[in-house]
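Laboratory data are not the source of any read-out in this text; all were calculated from the coordinates shown. Computed from a predicted structure; not experimentally measured. Ideal geometry is used to build each Cβ from the backbone, glycine not excepted, and the neighbour counts take in all protein chains shown.
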Amino acid sequence: MLSRKNCNLIAAIGCFALVAYAYFYMEKTLYLIPCPLCYAQRLAFVVLGVLFVLAAFFPGAKKGKLIHTTLLLLAAIGGAALSIRHLYLQNLPKDQLASCGVDFYGMWDVMPFGQAVISMLSGASDCGSVQWQWLGLSIPGWTLLAFIGFALWALWHNAFRGA
């Protein structure tokens, strides 16, 4: 059986592999242009991956397991919330989507930091388009499943397992 450390490292590799897949394959090979919510979900996977690495190398005892589990669950729930928001925007009628605004990089150039974060998390009109599907699910549908999977993985391997 794998140790808790190895299980957390496997999850971290999974998080970073999803970000690499999104960047190198979906963006650079398929030429899919990510929207602001896509970038936010990538950032959530990076945060989740870093937390899994920290849980692997600084396991702690009973209190450490509780802290790691809580932080991992919060990050996974936050990422899942972003995915749900993205799915909501994709299912809105086109006339109810916000008008096109500044692209992701322009947003950071022209807006103050706080306003850019709020704008990124609320989504833009390009967040409502479905650019890719597999087995009937769009990208935010798959990321939602990944966040749920990582949350269950974190819960099982950090809260309910022994050493």
Inset, instruction - Enumerate the calculated ³J(HN,Hα) couplings along region 72-79 in order (Karplus 6.51 cos²θ - 1.76 cosθ + 1.60, θ = phi - 60°), each rounded to whole Hz, writing x wherever the residue is Gly or Pro. - result: 5, 5, 4, 5, 5, 5, x, x
Legend entry - Proximal lysines to LYS63, defined as alpha-carbon separation beneath 24 angstrom and excluding residues fewer than eight positions away on the same chain: LYS5
Legend entry - Inter-site label distance for VAL130 and ASP95 at 7 Å from Cα along Cβ, in nm: 2.1 nm
